[in-house]
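Participant: One structure, pasted below without further comment.
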Amino acid sequence: MKFLRFFASLFLLLPGASAAESAGAAKDGAGLRLHPENPHYFEWKGRPVVLITSGEHYGAVMNRAFDYQKYLDTLAADGLNYTRIFSGAYLEPQGAFNIARNTMAPAADQFICPWARSGQPGFALGGDKFDLNQWDAAYFVRLKDFVSAASSKGVIVEVTLFCPMYEEMQWKLSPMNATNNINGVGAVGMHEVHTLDRSGGLLKVQETLVRKLVTELNGMDNVIFEICNEPYFGGVTLDWQHRIADMIVETESALPRRHLIAQNIANNTAKIEKPHSAVSIFNFHYAAPPDAVRENFALNKVIGDDETGFNGTDDRAYRIEAWNFILAGGGLFNNLDYSFTVGTEDGTFAYPKTQPGGGGVSYRKQLGILREFINGFDFVRMRPGTSVVERRGLPEGTSIRGLEETGKAMALFLHSPRSAVSSLRVNLPAGPWEAQWVNVLTGEKANVLKLEGGGIREIKLPAYDAEIALGLKKPGP
């Protein structure tokens, strides 16, 4: 989405939310929740989970031309386990943000959203206006089929309920705009849409939509509800966010399952000062370097890097962002991948260099390497740290991120853009150790090196191209 190094700290005040509700605990115990032993990560179906993906531009459900089965098959084949979709209350015109073949800019006859068409012509994109008092049954069939298919592929779905209107061209297309509906609501400016007292009757419509979406998806075990994408733009008020979160909590209080609630905090980073237990995931965009994790780690909730981009089309920047964020202790990473379009749902679109971000086949395979690497550790028992690394003598500009399980395991990511490192000195606790280098571009693994701890040991590096990962473990089960 629109990039700006804008720092904001937003927080919810939702009285009465229990610990079980805030953790998204399902009564059947199988739904996605915060891991009970380490809430910086997730648990799903009894297993610890880190969410890592390179996903399409959020239009998979609201764009009927998009073959989401092929898309989900691709994510699963690439070893990825997360996707993010928008509800359809917001859409974009072709050309927005310089995105070629934007999935959130559907053709006039391919746009589908929660509200039914009215039979009265006049929608700005083409076709009939919307009736905000009527649901489109076909939309909910498509939505639930998407989420169900994702679950069968091992993919978690974040459903982003709302999004600010960045510019007039987005507001002009929204079904909530009075010119696009027959209900006489939404005759307001784009900065008044997401407010309690100036929305021109939209608040009731929005509350009803949230209750409907939450109810329809309650049976799904793989859903996260995000209140609003980038609420630090477009006049989205904090009180309005409170109300939307209230609707999620209140609606699920009478339903079998509780789902995690996510809050989008800021671009890059911000210190969260007054969090509330109703929010279990704090999402940041363009979180490089991963300061957002360090600054908010004490909250004991998942910190996510929920969108990347606006740093050119070279995948290197986003690969480094991913490894740095996860090895800093983040629990969720989503690259915005512009190789997914209508007609190339297998992620093979050769996008132009004018795109605001990257992605593609090779990059997704590399994220799969990251996921395989982190899953090779008992990461629930690890904490951010690189205390074992002897940094003296490393080339200028060398960066090392890592997770440690004291005395048992270390996961390290080394980035040396100026000159290659020939060896790494680590201070190993006493006892036997095994070290293995991993090429983050190819997944190739060096032979396991056996070491005896009890002091500083020097580990030679294989040839690599600026980035490499190292796993250090005590041998044994």
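The values are calculated or read from the model by the stated rules, or taken from the named source; none is laboratory data. It should be emphasised that the depicted structure is a prediction, and the values quoted were computed from it without experimental measurement. Virtual Cβ from ideal backbone geometry, glycine too; neighbours counted across all protein chains shown.
Participant: Ala298 passes all but one of (1) in contact (Cβ under 8 Å) with a residue 40 or more places away in the chain; (2) surrounded by fewer than 19 Cβ atoms within 10 Å (Cβ to Cβ); (3) over 16 Å from Gln366 (Cα atoms); which number fails?
Facilitator: Ala298 satisfies all of (1) in contact (Cβ under 8 Å) with a residue 40 or more places away in the chain; (2) surrounded by fewer than 19 Cβ atoms within 10 Å (Cβ to Cβ); (3) over 16 Å from Gln366 (Cα atoms) except (1).
Participant: Going by the structure shown, is Arg257 in contact with a Gly (Cβ under 6 Å, 6 or more places away or on another chain) and assigned by TED's automatic domain parsing to the domain that holds Cys163?
Facilitator: Criteria met by Arg257.
Participant: Another question, if that's okay. Check whether at least one residue in the stretch 441-458 is within 30 Å of Arg33 (Cβ to Cβ) and part of a strand (DSSP E or B), and report yes or no.
Facilitator: The answer is no, given that none of the residues of the stretch 441-458 is within 30 Å of Arg33 (Cβ to Cβ) and part of a strand (DSSP E or B).
Participant: Does Trp44 satisfy the criteria of being in the same structural domain as Gln170 (by TED's automatic domain parsing), in contact (Cβ under 8 Å) with a residue 12 or more places away in the chain, farther than 26 Å from Gln206 by Cα and among the aromatic types (Phe, Trp, Tyr)?
Facilitator: Yes: the conditions hold for Trp44.
Participant: Looking at Tyr363, Tyr351, Tyr318, can you tell me which residue is touching an Asp or Glu at 6+ places or on another chain (Cβ under 6 Å), in the same structural domain as Val155 (by TED's automatic domain parsing) and not in a strand (DSSP E or B)?
Facilitator: On the way: Tyr351 fails: touching an Asp or Glu at 6+ places or on another chain (Cβ under 6 Å); Tyr318 fails: touching an Asp or Glu at 6+ places or on another chain (Cβ under 6 Å).
So the residue among Tyr363, Tyr351, Tyr318 that is touching an Asp or Glu at 6+ places or on another chain (Cβ under 6 Å), in the same structural domain as Val155 (by TED's automatic domain parsing) and not in a strand (DSSP E or B) is Tyr363.
Participant: Within the stretch 228-261, can you find the residues that are within 18 Å of Phe282 (Cα to Cα), of a type outside the set (Asp, Glu) and in a loop (DSSP other than H, G, I, E, B)?
Facilitator: Across the stretch 228-261, the qualifying residues are Asn229, Pro231, Tyr232, Phe233, Val236, Thr237, Arg258, His259.
Participant: Still on this structure: Having 1 or more residues that are touching a residue at least 60 places away in the same chain (Cβ under 8 Å) and under 25 Å from Gly347 (Cβ atoms) is the bar; report the strands (runs of 3 or more DSSP E) wholly within the stretch 93-191 that clear it.
Facilitator: 156-162
Participant: Are any residues in the stretch 288-319 more than 20 Å from Tyr351 (Cβ to Cβ) and hydrophobic (A, V, I, L, M, F, W, C), and if so, which ones?
Facilitator: Scanning the stretch 288-319 gives Ala288, Ala292, Val293, Phe297, Ala298, Leu299, Val302, Ile303.
Participant: Test Ile303 against the stated conditions and say whether it is of a type in the set (A, V, I, L, M, F, W, C), in contact with a Phe, Trp or Tyr (Cβ under 8 Å, 6 or more places away or on another chain), in a loop (DSSP other than H, G, I, E, B) and on the phi < 0 side of the Ramachandran plot.
Facilitator: On the way: of a type in the set (A, V, I, L, M, F, W, C): yes; in contact with a Phe, Trp or Tyr (Cβ under 8 Å, 6 or more places away or on another chain): yes; in a loop (DSSP other than H, G, I, E, B): no; on the phi < 0 side of the Ramachandran plot: yes.
For Ile303, the condition - of a type in the set (A, V, I, L, M, F, W, C), in contact with a Phe, Trp or Tyr (Cβ under 8 Å, 6 or more places away or on another chain), in a loop (DSSP other than H, G, I, E, B) and on the phi < 0 side of the Ramachandran plot - is not met.
Participant: Has the stretch 382-389 got at least one residue that is charged (D, E, K, R), more than 32 Å from the chain's Cα centre (by Cα) and surrounded by fewer than 18 Cβ atoms within 10 Å (Cβ to Cβ)?
Facilitator: No - not one qualifying residue is present in the stretch 382-389.
Participant: Another question, then. Looking only at residues in the stretch 100-142 that are acidic (Asp, Glu) and either at pLDDT below 95 or more than 22 Å from Lys212 (Cα to Cα) (or both), which one is nearest to the chain's Cα centre (by Cα)?
Facilitator: Residues of the stretch 100-142 that are acidic (Asp, Glu), as a first pass: 109, 128, 131, 136.
Restricting the remaining residues to those that are either at pLDDT below 95 or more than 22 Å from Lys212 (Cα to Cα) (or both) gives 109, 128.
Numbers: Asp109: 29, Asp128: 34 Å.
Step by step, filter the stretch 100-142, then rank; the result is Asp109.
Participant: Now a separate question. Starting from residues that are modelled with pLDDT under 95 and among the aliphatic types (A, V, I, L, M), keep the ones in the stretch 351-403 and report whichever is nearest to Arg319 (Cα to Cα).
Facilitator: Leu394
Participant: Identify, from the list Ile265, Ile261, the residue that is of a type in the set (Val, Ile, Thr), under 15 Å from Phe42 (Cα atoms) and touching a strand residue (DSSP E or B) at 6+ places or on another chain (Cβ under 8 Å).
Facilitator: None of the other options fit; the residue is Ile261.
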